[in-house]
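Quick notes on the structure that follows.
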Amino acid sequence: MASSPGAPRALAVQAPPPPEARTSERGSDSRAGHLSFCTKVCYGIGGIPNQVASSATAFYLQLFLLDVAQIPAAQVSLVLFGGKVSGAAADPVAGFFINRSRRTGSGRLMPWVLGCTPFITTAYFLLWFLPPFTSLRGLWYTTFYSLFQALATFFQVPYAALTMLLTPCPKERDSATAYRMTMEMAGTLMGAAVHGLIVSGAHGPHRCEDAVLPGPVAVSPDATRLYSIASAVVAVTYPVCSSLLCLGVKERPGSSLPASGPGPSFLAGLVLTVRHPPYLKLVISFLFISAAIQVEQSYLVLFCTHASRLHDHVQGVVLTILVSAVLSTPLWEWVLQRFGKKTSAFGICVMVPFAILLAAVPTAPVAYVVAFVSGMSISVSLLLPWSMLPDVVDDFQLQHQHGPGLETIFYSSYVFFSKLSGAGALGISTLSLEFAGYEAGACKQAEQVVVTLKVLIGAVPTCMILTGLCILMVSPTPKVPSQNSSRRLSLQRRTSYTLA
């Protein structure tokens, strides 16, 4: 799945008034800050497009580049690496520019969402388009995947920050966030389901029935048409959902000056955060874990297509993973509260023996069991870091009580490093297919390629998950702040921080 959509971003947001002021004006403010059901639904709908597109690219882009676009695996490696790095670099850049944007008639954040919409719609559609030339296809897809990732970040950052400008009432903001998370989960399921159902006919065994000679099979016009239809269906969600967001949500005016004054620059704050041992160990551990999850997601479809006879089960396996991840989220939230966060981390390694089992026994029943268990592990791997980061931030602030507030830098730098780790993992692993002799578009791959795919869905995620868990287990537990400290830190979190 896509990385976590609820992560705070590097963006200055107006601090709400102190508790005393809110108490004195509770009667009038509670009514003025109430959000209607329609507003909450429209706000949640705004988060659907990025999740639909991210889910589709996570599971199917690599298969499309190798078997439909038929570009070499080495170039696919560059496409994936370049796109992920572009998305990572866009995070601090988006915060930098959006912080300095002026308020317009439609607000300060909404114009960024609406302005990105036509460009990201075009970039996504062209990402799945098969150009008539063959020699520069690698450059074509690198360009549009990088554009898509960067524009998706510029779309998501203001959309996520819009929560703070919907209403001054914290309870209503929490309710709007719940609507948003629900819609984004639905979008994740929709992306894999709709895209997968449309393109399922492009990768069936029938495409090789007429192949007489070994080697690449000519690209079927039907395959090109199916991927174009799927990309158009997904791309159209951007203008539709953005329009509903604009029509149903009104951005409240905010102060142009932050309550606590300007904070540190991104680089200066980054230096302070990475020097904090609990944060550094947390980031390193989840860099391994998140990279393992991304590798497992990216190569599962390729494994089912080329290393096993599971062509007809690809869609079912993908949906099983996503449904399992969504349904198990409440269970893992309860486990976190009941048994603690480090204990819950062992839920991530549940998928390890099953992934190895799938590589050894690639049958349909085993694939569905592995998909269900993998979905549960993916759920806790996405939930856990966002649950542990606040503890690390509290620990940092208790040790630097008179220092600058760096919450947004903690979160945005975590997102930045996570995207970089995914870029490196996917780039290097795809390059391994090139060394194994992967032949783009071929109906039957060499035995070395089959072995490599088994290693990529079994041994590689296993080693990375176990390494990340070992680092997490040996890291010190952050200090739990006292009640008075918690109140003070809660007030500090309501302050904005500018990233220069």
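The values are calculated or read from the model by the stated rules, or taken from the named source; none is laboratory data. The structure presented is a predicted model; accordingly, all values stated were derived computationally and were not measured. In this analysis, Cβ positions are derived from the backbone assuming ideal geometry, glycine residues included, and neighbour counts consider all displayed protein chains. For the accessible areas, the whole protein counts, side chains as well, though only heavy atoms, and no ligand, DNA or RNA atoms are used. Shrake-Rupley method; radii C 1.70, N 1.55, O 1.52, S 1.80 Å.
Observations
- Selected residue (criterion: modelled with the lowest pLDDT) from residues of region 249-297 that are among the small types (Gly, Ala, Ser) and in a helix (DSSP H, G or I): 269
- Within region 328-341, the set of residues being exposed (fewer than 14 other Cβ atoms within 10 Å of the Cβ) and at negative phi comprises 330, 331, 334, 337, 338, 339.
- Tally of residues being surrounded by 16 or more Cβ atoms within 10 Å (Cβ to Cβ) and of a type outside the set (A, V, I, L, M) across region 101-128: 12
- Test: residue in region 409-432 that is more than 21 Å from the chain's Cα centre (by Cα), at pLDDT 65 or above, open to solvent by 20 Å² or more (accessible area, probe 1.4 Å) and of a type outside the set (D, E, K, R): yes
- From the list 245, 189, 213, the one residue that fits, being more than 20 Å from residue 442 (Cα to Cα) and modelled with pLDDT under 90, is 189.
- Members of region 217-248 found to be under 16 Å from residue 63 (Cα atoms), assigned to a helix (DSSP H, G or I) and of a type in the set (A, V, I, L, M), listed by number: 223, 226, 230
- Of the listed requirements (1) free of Cβ contacts under 8 Å to residues at least 40 places away in the same chain; (2) open to solvent by 30 Å² or more (accessible area, probe 1.4 Å), residue 142 misses just one: (1).
- Selection status of residue 423, small (Gly, Ala, Ser) and under 30 Å from residue 149 (Cα atoms): yes
- Scanning region 126-137 turns up no residue that is aromatic (Phe, Trp, Tyr), part of a helix (DSSP H, G or I) and in contact (Cβ under 8 Å) with a residue 24 or more places away in the chain.
- Total residues in region 57-115, condition farther than 26 Å from residue 250 by Cα and part of a loop (DSSP other than H, G, I, E, B): 4
- If you go through region 43-70 and keep only what is among the β-branched types (Val, Ile, Thr), modelled with pLDDT of 90 or more and either open to solvent by less than 10 Å² (accessible area, probe 1.4 Å) or touching a helix residue (DSSP H, G or I) at 6+ places or on another chain (Cβ under 7 Å) (or both), you end up with 45, 48, 52.
- Taken together, the criteria place residue 131 among residues that are surrounded by fewer than 18 Cβ atoms within 10 Å (Cβ to Cβ) and either touching a Lys or Arg at 6+ places or on another chain (Cβ under 7 Å) or not aromatic (Phe, Trp, Tyr) (or both).
- Looking only at region 433-463, residues that are of a type in the set (S, T, N, Q), surrounded by 18 or more Cβ atoms within 10 Å (Cβ to Cβ) and part of a helix (DSSP H, G or I) come to 2 in all.
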